[in-house]
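Take a look at the structure set out below.
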Amino acid sequence: MPNRPYNIALNGYGRIGRCVLRALHERGAQAGLEIVALNDLADQASIEYLTRFDSTHGRFPGEVRVAAEGLHLNGRCVKVLREATPEAIDWAALGVDLVLECSGVYHTRREAERFLAAGAPRVLFSQPMASERDVDATIVYGINQQRLTGAERLVSNASCTTNCSVPLLSVLDAAIGLDYVTITTIHSAMNDQPVIDAYHHEDLRRTRSAFQSVIPVSTGLARGIERLLPELAGRVQAKAIRVPTVNVSCLDITLQTRRDTTATEINRVLREATEAGPLKGLVAYTELPHASCDFNHDPHSAIVDGSQTLVSGPRLVTLLAWFDNEWGFANRMLDVASHWLDAAALNR
């Protein structure tokens, strides 16, 4: 392993990019990562302001100021770039080990390889890519990060909903067996929705005010699950609904199991996996009477609400899992980044 922190850069400094920076700050030096540059089209005054103050996650816990050379955070300087394309940046000259692509606008290998052509050694994407062939791996931390050898150049961190669902489905399929899965994502509003009705999206539902309606939207969650759990291919369906909240979402998961089960067994399997099993530290379990705001700034990929587990007949199961769709996902990006860079250093 290197005797210095790994240098990373952020491309895109929106909700996920800013959460990644804050999450890394909260982890401190033990994270072994340091952000040395960020690229966003926003002006530096806006970047400073939105770093310092966040309506969802509060004030930045430390010094924030801008100067000609960049954004200063507790005495460390992050170089700020304002380039519209990856080719406009000499990533190699920045000395970065990894670029975290957080703009969400690149979805194919041809688009992704533009970063490599401009000198980025490897890129971690904050969104699922168009197909499995468009990246070298799609990773859900806690499930398949072991496959990273360091030889990969392009990796996807999947989606927040995939990171929430796949660990739960993997554990339950191994313990009880799953025949069919249907998931409804109940998701907070996002910045692809207008505050008031506006002409801006080919999906006409997304032209409607985010804070006046519950709005069905399309989702690629089923496809994302099948990429990570191919044994469930053809047996997963998903839909999504946006609701008028600013953060924290949940999955309403319906399962048809291969054998008879009970709510007690389902909860026991999930609780044991989170307390002492493979999901410890990544997924939490609760039976307290929570509301969604209780999980704001929660770093887990999922929090199973055991009080909502139901079994209808012997094999039809419904579960509820909460997740902070910003903070949990940002923390998983850091986990994947660290694991990937450690693997690269080990196998160099």
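The values are calculated or read from the model by the stated rules, or taken from the named source; none is laboratory data. Only a predicted model underlies this, so the values are computations on that prediction, with no experimental measurement involved. For neighbour counting, all protein chains shown are included, and Cβ atoms are generated from backbone atoms with ideal geometry for every residue, glycine included.
On the basis of being within 21 Å of the chain's Cα centre (by Cα), surrounded by 16 or more Cβ atoms within 10 Å (Cβ to Cβ) and at pLDDT 95 or above, does Thr245 make the cut? Criteria met by Thr245.
State whether the residues of the range 78-90 include one that is over 22 Å from the mean Cα position of the chain (by Cα), within 24 Å of His339 (Cα to Cα) and not in a loop (DSSP other than H, G, I, E, B). Yes.
Which residues, counting only those in the range 303-319, are of a type in the set (Gly, Ala, Ser) and either in contact with a helix residue (DSSP H, G or I) (Cβ under 6 Å, 6 or more places away or on another chain) or without any contact (Cβ under 8 Å) to a residue 12 or more places away in the chain (or both)? Lay out the reasoning, then the answer.
Here is the first cut: in the range 303-319, the ones of a type in the set (Gly, Ala, Ser) are 306-307, 312-313.
Of everything in the range 303-319, those that are of a type in the set (Gly, Ala, Ser) and either in contact with a helix residue (DSSP H, G or I) (Cβ under 6 Å, 6 or more places away or on another chain) or without any contact (Cβ under 8 Å) to a residue 12 or more places away in the chain (or both) turn out to be Gly306, Ser312, Gly313.
Can you name the residue in the range 264-310 that is small (Gly, Ala, Ser) and in a helix (DSSP H, G or I) and, of all such residues, is surrounded by the fewest Cβ atoms within 10 Å (Cβ to Cβ)? Residue satisfying both the conditions and the ranking: Ser307. Considered as a group, the residues in the range 79-93 that are surrounded by 21 or more Cβ atoms within 10 Å (Cβ to Cβ) and aliphatic (A, V, I, L, M) include one that is nearest to Glu113 (Cα to Cα), and that residue is Ile89. Of the residues His300, His290, the single one that is in contact with a Gly (Cβ under 9 Å, 6 or more places away or on another chain) and without any contact (Cβ under 8 Å) to a residue 40 or more places away in the chain is His300. Among the residues of the range 249-276, not one is farther than 19 Å from Val166 by Cβ and touching a His at 6+ places or on another chain (Cβ under 9 Å).
Which of the strands (runs of 3 or more DSSP E) contained wholly in the range 130-236 include at least 2 residues that are among the hydroxyl-bearing types (Ser, Thr, Tyr) and surrounded by 14 or more Cβ atoms within 10 Å (Cβ to Cβ)? Give the steps one after another, and end with the answer.
Details: elements: 154-156, 178-188, 215-217.
Strands (runs of 3 or more DSSP E) meeting the threshold: 178-188.
Whether any residue in the range 65-74 is buried (at least 16 other Cβ atoms within 10 Å of the Cβ), assigned by TED's automatic domain parsing to the domain that holds Cys19, at positive phi and in contact with a strand residue (DSSP E or B) (Cβ under 6 Å, 6 or more places away or on another chain) is what I want to check. Within the range 65-74, one or more residues are buried (at least 16 other Cβ atoms within 10 Å of the Cβ), assigned by TED's automatic domain parsing to the domain that holds Cys19, at positive phi and in contact with a strand residue (DSSP E or B) (Cβ under 6 Å, 6 or more places away or on another chain).
Mind telling me which of the residues Trp340, Trp322 ends up being in contact with a Cys (Cβ under 6 Å, 6 or more places away or on another chain) and modelled with pLDDT of 95 or more? Give the steps one after another, and end with the answer.
On the way: Trp340 fails: in contact with a Cys (Cβ under 6 Å, 6 or more places away or on another chain).
It is Trp322.
How many of the residues making up the range 308-344 are over 19 Å from Leu169 (Cβ atoms), in contact with a strand residue (DSSP E or B) (Cβ under 9 Å, 6 or more places away or on another chain) and of a type in the set (S, T, N, Q)? Qualifying residue count, the range 308-344: 1. The set of residues from the range 221-245 being in contact with a His (Cβ under 8 Å, 6 or more places away or on another chain) and among the small types (Gly, Ala, Ser) comprises just one member, Ala240. Do we have any residue at all in the range 51-63 that's modelled with pLDDT of 95 or more, among the small types (Gly, Ala, Ser) and either in a strand (DSSP E or B) or out of contact with any helix residue (DSSP H, G or I) (no Cβ under 8 Å at 6 or more places or on another chain) (or both)? The answer is yes; a qualifying residue exists.
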